[in-house]
Amino acid sequence: LLTRRLRRSDGVHRGDVIVLRSAELGRRVVKRVVGLPGETVVVDSQGVSVDGVRLAEPYVLVNGGARGSFSVPDGAYLVLGDNRAGSSDSRSWRQPFAARSAIEGRWIRFSRDGLARPARISGLRGSARRATHRLVRGRSAALW
């Protein structure tokens, strides 16, 4: 899994696929960021709503699994797996929120044109675009 290490100044966005260090599980896990600090996230049989607005999630393989309502605290994120029916994620953890300090990197995928891009549905933005150019030249990447 090719990732880009996050610096303190890097933002974490909804839809990012991240690698985080889970103290509870005692290992690194790969999950998708769904809830941002200060948001209320409701997970039900139909999918995910954030502050009352249903998310379009074309990347979800299978809906299902645990349901619940989560108020995401400052400095933390709610993370879910794309296979919701079979994923061990924020919904089932004793400590359901991933602290920003536990996030080690963002997954990067390769497109058909050969350029590395962050795995985010909304596409590339400013510093992410510059970071991918550095990655193509062989810098700023980690392999998990």
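The values are calculated or read from the model by the stated rules, or taken from the named source; none is laboratory data. All values reported here derive from a predicted model rather than from experimental measurement. When we count neighbours, we look across all protein chains shown, and the Cβ atoms used for this are built from the backbone with ideal geometry, even at glycine. Side chains included, ligands, DNA and RNA excluded: accessible areas come from the protein's heavy atoms. Shrake-Rupley method; radii C 1.70, N 1.55, O 1.52, S 1.80 Å.
Restricting to Cα atoms and excluding each atom paired with itself, what does the Kirkwood estimate give for the stretch 13-114 in Å?
On the way: mean 1/r = 0.0722 Å⁻¹.
Computed over Cα pairs of the stretch 13-114, the Kirkwood hydrodynamic radius comes out at 13.9 Å.
Starting from the Cα-Cα distance between Val53 and Trp93, subtract it from 0.36 nm times their residue separation and give me the gain in nm to one decimal.
Length gained, Val53 through Trp93: 12.0 nm.
Extension gain Asp74-Asp44, at 0.36 nm per residue separation less the Cα-Cα distance, in nm?
That pair, Asp74 and Asp44, stretches by 8.5 nm at full extension.
Go through the stretch 5-50 and name the trypsin sites (Lys or Arg not before Pro) that are in a DSSP coil and have 10 or fewer other Cβ atoms within 10 Å of their Cβ. Could you put the intermediate results ahead of the total?
Details: sites: Arg5, Arg7, Arg8, Arg14, Arg21, Arg27, Arg28, Lys31, Arg32; in loops: Arg7, Arg8, Arg14.
Of the trypsin sites (Lys or Arg not before Pro), the ones in loops of the stretch 5-50 whose Cβ has at most 10 other Cβ atoms within 10 Å are Arg7, Arg8.
Please report the spacing between the Cα centers of the stretch 54-73 and the stretch 1-45 in Å, no decimals.
Centre-to-centre (Cα) distance: 13 Å.
Can you send over the carbon and sulfur percentage of the accessible area for the stretch 1-101, probe radius 1.4 Å, protein chains only?
49
What is the sum of charges around Gly68, taking Lys and Arg as +1, Asp and Glu as -1, for the other residues whose C-beta is under 13 Å from the C-beta of Gly68? The partial results should precede the final answer.
Details: positive: Arg67, Arg84, Arg91; negative: Asp44, Asp89.
So the environment of Gly68 carries a net charge of +1.
Considering only DSSP states other than H, G, I, E and B, which chymotrypsin sites (Phe, Trp or Tyr not before Pro) in the stretch 52-94 qualify as loop sites with at most 13 other Cβ atoms within 10 Å? Before the final figure, lay out the partial values.
Values: sites: Tyr59, Phe70, Tyr77, Trp93; in loops: Tyr59, Trp93.
The qualifying sites are Tyr59.
Could you please report the charge total around Ser101, scoring K, R as +1 and D, E as -1 over all other residues with beta-carbon less than 10 angstrom from its beta-carbon? Each step should come with its number before you reach the end.
Values: positive: Arg8, Arg21, Arg100; negative: Glu104.
Local net charge: +2.
Under 12 Å from a point 7 Å along the Cα-to-Cβ line of Ala85: which residues of the stretch 56-72 have their amide N that close?
Once the point is set 7 Å along Cα→Cβ of Ala85, 61-65 turn out to lie under 12 Å by backbone N, inside the stretch 56-72.
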